[in-house]
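Q: This is the structure I have questions about; it appears just below.
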Amino acid sequence: MVLLSILDVLMLILGGASLVYQVVCILAGLFSKQIGFPAAPMDKRYAVLISARNEEGVIGNLIDSIRAQTYPSALVDIWLVADNCTDDTASVVRAKGCNVVERFNTEQIGKGYALTYLLDHMIDTGVAENYDAYFVFDADNLLDAHYIEEMNKAFHAGFRILTSYRNSVNLSDNWVSSGSALWFIRESRFLNNSRMVFGSSCHVGGTGFMFSREVMQRNKGWKFHLLTEDLEFTMDSVLHGDRIGYCGTAILYDEQPVDFAQSWRQRLRWSKGFLQVFRYYGPALIQRAVRERDFSAVDFTLLVCPFTVLSVARLLLGCLFAAFGFVTWTSQLSSLVSWVTGGMLGALGMMAIAALTILAERDHIGASNKELVAYVLSFPIYMFSYVPISFQAVFSKAEWKPIAHRGEENAAA
């Protein structure tokens, strides 16, 4: 009985704090100007790091978009790790004059291990010290022509770690791709942009970010190997006192899954990764939030808090206690009704978030008005599918699996 009450209070406090924070972020995103950076000399030398596994169909598009940057190409070197490739990815990239390191390891699988291998090679051969900072992109990405120039401005402004605006090349394909794309656009406009307004640290997404040589040296290359290595990198940086910046004028285009089964597998890995990050970094984040009064630590504690796990635990305990007569089934049914009501209100809230994202970022979203209305209505379906995904993540062994890309079609579009 007491345990159920504690769980109810804990979920109420955490859920309420998260809801209030989301609302404040949305308001800040709507009514605050985007943080800009002054013009800066284009004199820094950058390395672009790409991990690719059987990406011969898309990697050329990314390389071409890097070569087409307004930033001096002589100051940008491309380094690719061909990770367990069985196609011609390495040959395609070498033919374009880029640096290629091939890796074959079927035991340590994933982007984190591939980046470690690549940076270790660069450190061992002495070339890592030639660069002021390092970009990380996925093979299916495309960059706006001013991307590196804009990130360079933010780097000159003093940020040692930076993330960028994450758009999509295929938002309008179907409700699956639109759900994922709107989620990332929302994060850029209503979370990272607002965090910049608040003066707190931003969240590094899985692609389109940069870190300085000093950060690389501190980490002795790349040391992050959990299923969500980007989130792990973010948590580690916050615990080191870094303020991660966001450059909203640097626009990256990502390709989203269009197949629901593929999207499920991808989000299952993310959900499992969030649980891993909470396990390894949650206690330290909470400790930093209390001792240092660090708002970024509070923010990211709420981000990685396993609400679904707490909800499932509360539901199972309620049923167990009712079965043994410690509480009444009527009280538990009442709690369930409250949850269902909250879920319905949540669905309306998700539609509102999707609609606000579209209204605020209409110039960056390529879809017809009719399609956008449909995607607003379907957004709660996409989001609610996270509930069974998160539940499965608790019990399953999620592994890194490649995502099929359609690069040529999206590049042409």
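The values are calculated or read from the model by the stated rules, or taken from the named source; none is laboratory data. Keep in mind that what you see is a predicted model, and the values were worked out from it rather than measured. With ideal geometry, Cβ positions are generated from the backbone for all residues, glycine too; neighbour counts draw on all protein chains shown. Heavy atoms of the whole protein, side chains included, go into the accessibility calculation; ligands, DNA and RNA do not. Shrake-Rupley method; radii C 1.70, N 1.55, O 1.52, S 1.80 Å.
Q: Quick one: which residues, 5+ away or cross-chain, put their amide H under 5 Å from the amide H of Val101? H built at 1.01 Å from N.
A: Those lying under 5 Å, H to H, from Val101 are Leu80, Val81, Ala82.
Q: Here's another thing I want to ask about it. Please state the Cα pair-distance histogram of segment 243-385 with 5 angstrom bins from zero: what percent is in each bin?
A: Each 5 Å bin holds this share of Cα pairs: 2, 7, 10, 12, 16, 18, 16, 10, 5, 3, 1, 0.
Q: Could you identify which residue out of Leu333, Leu268, Leu171 has the top mean-square fluctuation in a GNM of the chain using Cα springs shorter than 10 Å?
A: Largest GNM mean-square fluctuation: Leu333.
Q: Find the relative contact order for the chain and round it to a whole percent, using C-alpha pairs within less than 8 Å whose residues are 6+ positions apart.
A: RCO, the chain: 21 percent.
Q: So how far, in whole Å, is the C-alpha centre of segment 140-182 from the one of segment 258-317?
A: Measuring centre to centre over Cα atoms gives 24 Å.
Q: Suppose the chain between Ile6 and Val20 were pulled fully straight at 0.36 nm per residue; how much longer would it get relative to their current alpha carbon spacing?
A: 2.9 nm
Q: Quick check for me: using +1 on Lys/Arg Cβ and -1 on Asp/Glu Cβ, what's the dipole size of segment 258-332 about its Cα centre, in debye to the nearest 20?
A: Its charge dipole is roughly 180 debye.
Q: Label points 7 Å out from Cα along the Cβ direction at Leu27 and Cys319: separation in nm?
A: According to this spin-label approximation, the distance is 4.0 nm.
Q: Each residue of segment 187-201 in order: what ³J(HN,Hα) in whole Hz does its phi give by Karplus 6.51 cos²θ - 1.76 cosθ + 1.60, θ = phi - 60°, with x for Gly and Pro?
A: 4, 5, 6, 9, 10, 5, 5, 5, 4, 5, 4, 6, x, 9, 7
Q: What is the magnitude of the charge dipole of segment 291-376 about its Cα centre, with +1 placed on the Cβ of each Lys and Arg, -1 on the Cβ of each Asp and Glu, and no other charges, expressed in debye to the nearest 20?
A: 280 debye
Q: Determine, from the Cβ-Cβ distance of Ser396 and Ala74 and an R0 of 41 Å, the FRET efficiency 1/(1 + (r/R0)^6), rounded to the nearest 0.05.
A: 0.30
Q: Expressed as an acute angle from 0 to 90° and rounded to the nearest 10, what is the orientation of the C-alpha long axis of helix 111-124 relative to the principal long axis of the chain?
A: It is inclined by approximately 40 degrees.
Q: Calculated FRET efficiency, Gln287 and Val373, Cβ-Cβ r, R0 45 Å, to nearest 0.05?
A: Efficiency, rounded to the nearest 0.05: 0.50.
Q: Something else: How far apart, in nm, are the 7 Å Cα→Cβ label points at Asp259 and Arg67?
A: 3.1 nm
Q: Please express the shape of segment 154-278 as an equivalent ellipsoid: the semi-axes are the square roots of 5 times the eigenvalues of the C-alpha gyration tensor, given largest first in whole angstrom.
A: Those come to 25, 18, 12 Å.
Q: Looking at (i) 37, 23, 22; (ii) 49, 33, 21; (iii) 32, 28, 22, which value of semi-axes √(5λ) of the Cα gyration tensor in Å comes from a calculation on the structure shown?
A: Only one listed value fits the structure, namely (i).
Q: To continue, here is another question. Starting from the amide H of Val48, placed 1.01 Å from N in the peptide plane, find each other amide H under 5 Å away whose residue is 5 or more places distant or on another chain.
A: Asp77, Ile78, Trp79, Phe135
Q: At most 14 other C-beta atoms within 10 Å and a DSSP loop state: those are the exposed trypsin sites (Lys or Arg not before Pro) I care about. Give me the longest piece of the chain that has none.
A: Of all site-free stretches, the longest is 46-219.
Q: While we're on this one: How much of the DSSP beta bridge set in the chain is antiparallel, as a percent to the nearest 5?
A: Around 25 percent of the beta bridges assigned by DSSP in the chain are antiparallel ones.
Q: Further question: Going by a ≥ b ≥ c, the root eigenvalues of the Cα gyration tensor, does segment 229-276 fall in the rounded group (a/c under 1.5), the prolate group (a/b larger than b/c) or the oblate group?
A: Since a/c reaches 1.5 but b/c is at least a/b, the shape of segment 229-276 is classed as oblate.
Q: If you consider only alpha-carbon coordinates, what radius of gyration and Dmax does segment 23-64 have, in Å?
A: 18.3, 43
Q: Please work out, to two decimal places, the log10 of the ratio I(q)/I(0) at q = 0.10 Å⁻¹ from a Debye calculation in which every Cα of segment 21-127 carries one identical scatterer.
A: -0.43
Q: Which of Leu302, Leu12, Leu285 ends up with the largest GNM mean-square fluctuation for the chain, with Cα atoms connected below 10 Å?
A: Leu12
Q: Which entries of Lys220/Lys397; Lys33/Lys153; Lys44/Lys153; Lys272/Lys397; Lys96/Lys153; Lys220/Lys272 have Cα-Cα distances beyond 19 Å here?
A: Lys220/Lys397; Lys96/Lys153; Lys220/Lys272
Q: Could you give the length gained by full extension between Gln217 and Met351, i.e. 0.36 nm per residue of separation minus their alpha carbon distance, to one decimal place?
A: Here the segment from Gln217 to Met351 would lengthen by 43.9 nm.
Q: Considering only protein heavy atoms, with the full assembly of protein chains and a 1.4 angstrom probe, order Phe224, Phe307 by accessible area, largest first.
A: If we order Phe224, Phe307 from most to least accessible, we get Phe307, Phe224.
Q: Further question on the same structure: Tell me the angle of helix 229-239 to the major Cα principal axis of the chain, expressed in degrees between 0 and 90 and rounded to the nearest ten.
A: Roughly 80 degrees between the two axes.
Q: Specify which residue in the list Val24, Val76, Val176 is farthest towards the positive end of the charge dipole of the chain, using unit charges on the beta carbon of Lys, Arg (+1) and Asp, Glu (-1), about the Cα centre.
A: Value: Val24.
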